[in-house]
Every structure is written in structure tokens, then in C-alpha cells.
Amino acid sequence: MERQTFKKMELRDTGAYSDRYIAVFSFVCFSNYRTSLPAPMFSRSDFSVWSILKKCIGLTFMSTLDLPAQCLVNATDESELSKITMPIVFNEPLSFLQRITEYMEHIYLINKACSHADPLERMQASPSYQLLCVLTSLQAVAAFAVSAVASQWERTGKPFNPLLGETYELTREDLGFRFISEQVSHHPPISAFYSEGLNKDFIFHGSIYPKLKFWGKSIEAEPRGTITLELLKHNEAYTWTNPTCCVHNVIIGKLWLEQYGTVEIVNHSTGDKCVLNFKPCGLFGKELHRVEGYIQDKNRKKLCVIYGKWTECLWCTDPTTYETYKKNEKRGGEQKKLKPSEDVIKSENDEADDMPEVQDTVQFIPGSKLLWRINCRPPNSSQMYNFTSFAVSLNELEKGMEAILAPTDCRLRPDIRNMENGNMDVASKEKERLEEKQRAARKERAKDEVEWQTR
């Protein structure tokens, strides 16, 4: 193992970790990463999210005690589901800070954006080549933004809520980045992160405040907070927010999720913008997982069309080719509008929202350029919470790492570690213990009128 000093700072009392100490953030690098978890996933078939929500709602109305949270009983109520203590069986053995780190799985797209020539040199290219070159950086950043949510595909387990002051740090020399994150607020829950290229070619940072809403049969997570990518070589800064994630059938039926909403990626240096529309599945599921959008310059001229699926791949082509293809497709394959059948009408009233069947793969438009394709998952991914190979490695604790990592690191949480090892009863008790300790620490600070200060 190789130890690399990144930054020295004071880590204050988090309530979950009781000692004050000075620590050196050191990044552990090793070449061989594990390919599976120590124990298979625990079955959730005997548990119901709705039974927990009903109990919470009942307690909210029947008790005046200081509960962990108030339940959201309808879409207009602004209480947060993120404060409800859920059984550990609905979790996955990762902290939300580690889930954020999964943004870096497709870091090669950032490297691609950094590697392109200076904009002035690109503008000197011939007109036929200019479109491919001038847009490449923004195309790569757009593909990176889409790839960041791809790891959530079929991931219906909830990551552990980070404890206040909890941290996560990672260096991947093979991928060329270092990453650090911290839970800077508990109410509301805010996670901040910072990453940089080992070659000092980019900085990636932001904060995320997931706002949860209960809509009866589904839970919607709106990831508030701005994400920023700085390409230092080009002196360019890009910002965006992630799409909304919705988990269906929290009451009854098989859990499934979709992403929807508009994502705007802005190049603040040039005024160029990429607008991506993550489409909701719709009644017949035709638009499930689909992403469509375009890149425009500062004068709002469309320069490029982007299409694909966030679960599969992303392509780009010029607007004229795209519009021509769509018109021909409509002429040649237009179908009569179907009236909703009895089965469809019946499904609207069913208790479960069945996941639409996945449609055919993305239809390739001749002349398109591939921007990104999702990585294959491990063969046993379904037994590992549908983790990607990158996610499997995030909680790995190599021998000797305990002496190097900060005591607030996610890898050292006993509840997550025991869940990963299949010790569900111990993990549940540890989770409850840490959460209770955190609540006690918050009450103590309130009593002493002391505000939490981030590092």
C-alpha cells in the first residue's frame, strides 16, 4: 500500500465519534480491488415499506414526543422522509457519501474533456471538422453528467444516512483522481464533496441536499444542490443539477425506479449550454429511461442533438440529420393511436405500478457519434444489491487501512460493515446506537446553544 498525504485538518466531535483529534487525510492506493461482497444480499420479501410508513404516520398523530421525523402523508406536506428510521433491510451497505463517489466511475469522460485542444485551435479547423471538435468538451461533460446517475439503475436499496461530520476519502491512481466528502449538515441533510485530478487538470465539487416526497405509491428524491466541474487547462467551469429519482411500489409490488426532469449543463466561460430531458416512462412505458437533448451556443443556435438512455448509452448527431430521421421514421412507421385497453385502465387502479417492459435498445441514427456506454456489471450483481464493479470496491477495508484513515471515515462504521458481512442483527443494533448517539449530541448542542461548525 502507498500512503499519500492530502490535507491536514482538525476533525471535531461528531456525536458519533466522541474524541477530538488531529488527523492527516491519507489516501490508500492498491492495485487489486475486490470483485464481490463478503456476503450475499439479504432478502426483502418478508418486509414492507408501507408498514413502516403507517406506523410512523400513526405515531406522528398519536404522540407529542420528539420523534426522529414526521411522516409525509401527502404530496403537499413538506416534512421529510429522510428523517424516518427505516429497518436496515431496506438499506444497502454503503453510506450516501460513498454513493456520491460513484460519480467518478466514468472519469474517463472528464479526461476526454480535458484532453481536447485549446478552443482557439479548434476554431481554426475546417468547417466540416469544426462541429466535431468545438463541441467535444461539452459533449463529454454532458455524457459524464448522465453517467453519474447510471449506477442507480435497479439500485432500490437506500444508502445509509451519513452521520454529522462523517467523511469518505478515496484515491484511485489507476483512474487518476482523489476524492473527499463530508456530511456538513444533518437537519437538513447536506453532503459536500471535492475531487481533483492527480494531474491537476480538473476540479469537481458540489453539495447535495436530497429532498424526499411521498406520493402515495412512490417516493420521489429531488437532489437539490449544484454540481461544478472545472477544466483547469481550458479555464472552463460547468454547472448542473441531477434529475429527480422516483422509486415506485413502496406500498406493494416490486420496487423499480426511474429518472426524470430537465438537466441544464452550462459552460460559464463560453455561454454554451446543454439541455437534457430525462423522460418519464409514460403510460405505455415507451419513454422509460430515455434521454434527449441538445447543445446550443450562447446565441441559442442548436449545434448538436443528444439521445440515448441513461441505463445504456448516449449518442450525438447534428440537428438536421436528427430531424430528417425523425420525419422519415414518422412517415414509415406511424401507428394509429390506440385507445386504452381494459387491461391498461385496470392497471391504473391496481395497488402496484408494474414496471413497464424495457423497450428495444436505443435506435441508432446513421452518422451518430457514441459519447458514452454503461459498464457491464458483475455476473453476481443481483446478489450484491445490484452494485457495479466500482461500487463493490468502495467499502473495501484492506489490512492496515484503519491506522491510516480518519476515524470518521465511512469504512469504519460498524453498522455498514456488519451489514456487508451479513450480520444483519448486529448491524441493526449498531445503526440504532449511532443514530441515538447523534440525536443525543444534537440535543446537547441545543442545550448549550452551540452551533455545529464544519471544518
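The values are calculated or read from the model by the stated rules, or taken from the named source; none is laboratory data. Note that the structure is predicted; figures quoted are calculated from it, not measured. For neighbour counting, all protein chains shown are included, and Cβ atoms are generated from backbone atoms with ideal geometry for every residue, glycine included. Side chains included, ligands, DNA and RNA excluded: accessible areas come from the protein's heavy atoms. Shrake-Rupley method; radii C 1.70, N 1.55, O 1.52, S 1.80 Å.
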- Tell me, please, whether a residue that is farther than 23 Å from His248 by Cα, under 21 Å from the mean Cα position of the chain (by Cα) and modelled with pLDDT of 90 or more can be found in segment 316-339. no
- Note on the structure: Checked segment 404-434 for anything surrounded by fewer than 17 Cβ atoms within 10 Å (Cβ to Cβ), in contact (Cβ under 8 Å) with a residue 60 or more places away in the chain and either assigned to a helix (DSSP H, G or I) or under 22 Å from the mean Cα position of the chain (by Cα) (or both); matches are Met424, Glu432
- Task: Please give the number of the condition Lys399 fails out of (1) out of contact with any strand residue (DSSP E or B) (no Cβ under 7 Å at 6 or more places or on another chain); (2) basic (Lys, Arg); (3) touching a residue at least 12 places away in the same chain (Cβ under 8 Å).
- Result: (3)
- Quick check, is Lys443 touching a Ser or Thr at 6+ places or on another chain (Cβ under 9 Å) and either among the aliphatic types (A, V, I, L, M) or outside any loop (DSSP other than H, G, I, E, B) (or both)? no
- Task: Determine whether His268 is in contact (Cβ under 8 Å) with a residue 40 or more places away in the chain and over 16 Å from the mean Cα position of the chain (by Cα).
- Result: no
- Query: Among the candidates Glu236, Glu258, which residue alone is in contact with a strand residue (DSSP E or B) (Cβ under 9 Å, 6 or more places away or on another chain), more than 18 Å from Leu283 (Cα to Cα) and either open to solvent by 30 Å² or more (accessible area, probe 1.4 Å) or of a type in the set (Asp, Glu) (or both)?
  - Reply: Glu236
- Which of the residues spanning segment 372-384 are crowded, with 21+ Cβ neighbours inside 10 Å and part of a strand (DSSP E or B)? Trp372
- Query: So Phe387 clears everything in (1) in a helix (DSSP H, G or I); (2) crowded, with 19+ Cβ neighbours inside 10 Å; (3) in contact with a Pro (Cβ under 9 Å, 6 or more places away or on another chain) except one condition, right? Which one?
  - Reply: (1)
- Message: Can you confirm whether Tyr260 is aromatic (Phe, Trp, Tyr) and without any contact (Cβ under 8 Å) to a residue 24 or more places away in the chain?
- Response: yes
- Query: Hey, Phe214 hits all of (1) open to solvent by 50 Å² or more (accessible area, probe 1.4 Å); (2) closer than 17 Å to Cys246 by Cα; (3) among the aromatic types (Phe, Trp, Tyr) but one; which does it fall short on?
  - Reply: (1)
- Restricted to segment 300-328, and to residues that are out of contact with any strand residue (DSSP E or B) (no Cβ under 7 Å at 6 or more places or on another chain), touching a residue at least 12 places away in the same chain (Cβ under 8 Å) and β-branched (Val, Ile, Thr), which residue is most open to solvent (accessible area, probe 1.4 Å)? Thr321
- Where in segment 128-236 are there strands (runs of 3 or more DSSP E), lying fully within it, with 1 or more residues that are over 30 Å from Lys302 (Cα atoms), of a type in the set (A, V, I, L, M) and under 18 Å from the mean Cα position of the chain (by Cα)? 167-172, 177-185, 190-197, 202-214, 218-224
- Item | Conditions (1) crowded, with 16+ Cβ neighbours inside 10 Å; (2) at pLDDT 90 or above; number of the one not met by Met401 | (2)
